[in-house]
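Accompanying notes for the structure given below.
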């Protein structure tokens, strides 16, 4: 059997946007991914369907798999011909034991590649407004681990003080007292600025600021926790001035997006641009329907109106159009109705301008708008999801309608990777089916749904959320821009 290849990938500090393109490519093609506890859910969730996901822990005092077993699993998977990604927080070669994980591969002549990640030693201070170097303060940076082999702290503090540079201590929160005492005894100025930076690049990041003299007491008062880093140096004094995230309106907010994986990219990006930590948690996916009924309809597309109630309906209709080798000119005499802007845009991307769209984006209103145009004897094709809402059919009762299911919605069991549901989170639902899928995915987690902040597109989506007693907030319009406005409003507590 041909051996597989191993990618040792650095995932960065946590922010999805700080993952490298090369790292993303490796994750998306992996057959098996062994990931650390601090890697972002959204990064692990880039895995292709069917990829094996293995949580190997790697959090302070909590390793779900010993290092020797990790090394062996990487090797065995590669020897079985699999593409393996070992996904590590930060950079794999900076206190990440990456070199140790490669030794066994070298011994067994297994191909590997190392893909660097952005280290927390630089990115976490940056996200807190602290440049690790500055010409007016320091010209050197020194990165130290507070957690050496056998959990010992062996640091030459006198050498560090003589260097007079910025000091960044990784994995060191529990060694803070030792670090403070060591630097003080080595002669560092007791007024030297020091910051503890917790959960950097996430919505829960926190900065505890002080001096070498008082930072330990402050850490006790404010209950400093891991994961976090310690930064010592005059550059800490710049934190308030350069804190760019304080102006990002969603920087303190985590948003869970439940849209299908192939539809959530734009919304996730819009949220991240406003500073939100985004968890993409697809709870549904769609699957094309191919049957004799569909074949017969496309063999004789003799309709006066073709109606779409979702962008997916447009997409699947034209995929069928190609599959059945139809000529676009055969639609020259058809009029097209859509439920809203997103569906209108999907149709426009196929070179067709819609004729009918209601002011209120729902099936019932689309039906009412169609009634203003349809003449007796005209035929209507509604191409949409299986088990679609009946409102439009009730409005058009008595008309010559073909209600054609061209795709179906499948509830996807979402995996909660490296995060736990927090009632401060905002959960976004764009259809009733995403609500059902979310409940299906969380039913074993003992969730109190009455504490879920559910931002919904449309009354039908809200109706489904209210079945589970969620706190509902409905966007003014069924558009992503309006949805964003509502998310921002909810994040402010308005």
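The values are calculated or read from the model by the stated rules, or taken from the named source; none is laboratory data. Just so you know, these numbers come straight off a predicted model, no measurement behind them. A quick note on method: Cβ atoms are made from the backbone with ideal geometry, for glycine too, and the neighbour counts reach across all protein chains shown.
In the stretch 84-102, of all residues being assigned to a helix (DSSP H, G or I) and in contact (Cβ under 8 Å) with a residue 60 or more places away in the chain, the one that is nearest to residue 147 (Cα to Cα) corresponds to 98.
With respect to the conditions (1) at pLDDT 95 or above; (2) touching a helix residue (DSSP H, G or I) at 6+ places or on another chain (Cβ under 6 Å), residue 324 lacks only one, and its number is (1). Taking the listed residues 57, 81, the one that is at pLDDT below 95 and part of a loop (DSSP other than H, G, I, E, B) is 57, with no other qualifying. For the stretch 295-303, the condition holds for no residue, the condition being that it is under 28 Å from the mean Cα position of the chain (by Cα), in contact (Cβ under 8 Å) with a residue 40 or more places away in the chain and part of a helix (DSSP H, G or I).
The listed residues are 420, 359, 365, 369, and the only one of them that is assigned by TED's automatic domain parsing to the domain that holds residue 454 and free of Cβ contacts under 8 Å to residues at least 40 places away in the same chain turns out to be 420. Looking across the stretch 360-387 at every residue that is within 32 Å of the chain's Cα centre (by Cα) and surrounded by fewer than 18 Cβ atoms within 10 Å (Cβ to Cβ), the one that is farthest from residue 316 (Cα to Cα) is identified as 360.
Scanning the stretch 9-18 for residues that are within 22 Å of residue 97 (Cβ to Cβ) and not in a strand (DSSP E or B) gives 11, 13, 14, 18. Does residue 154 meet the test of being surrounded by fewer than 18 Cβ atoms within 10 Å (Cβ to Cβ), modelled with pLDDT under 95 and part of a loop (DSSP other than H, G, I, E, B)? Yes; evaluated as a whole, the condition is true for this residue.
Looking across 440, 446, one residue alone is free of Cβ contacts under 8 Å to residues at least 12 places away in the same chain and either part of a loop (DSSP other than H, G, I, E, B) or under 17 Å from residue 284 (Cα atoms) (or both). It is 446. Among the residues making up the stretch 205-240, those that are surrounded by fewer than 18 Cβ atoms within 10 Å (Cβ to Cβ), closer than 27 Å to residue 36 by Cβ and at pLDDT 95 or above are 206, 222, 223. One residue stands out among those in the stretch 66-76 that are more than 15 Å from residue 27 (Cα to Cα) and touching a strand residue (DSSP E or B) at 6+ places or on another chain (Cβ under 8 Å): the one that is surrounded by the most Cβ atoms within 10 Å (Cβ to Cβ), which is 70. Restricting the stretch 245-269 to residues that are closer than 23 Å to residue 431 by Cα and surrounded by fewer than 18 Cβ atoms within 10 Å (Cβ to Cβ) leaves a set whose member that is modelled with the lowest pLDDT is 262.
For the stretch 19-42, filtering for residues that are touching a helix residue (DSSP H, G or I) at 6+ places or on another chain (Cβ under 6 Å) and not in a strand (DSSP E or B) leaves 3. The single condition among (1) modelled with pLDDT under 95; (2) on the phi < 0 side of the Ramachandran plot that residue 418 does not meet is (2). Out of curiosity, is residue 486 more than 23 Å from residue 253 (Cα to Cα), assigned to a helix (DSSP H, G or I), touching a strand residue (DSSP E or B) at 6+ places or on another chain (Cβ under 8 Å) and assigned by TED's automatic domain parsing to the domain that holds residue 264? The answer is no for residue 486.
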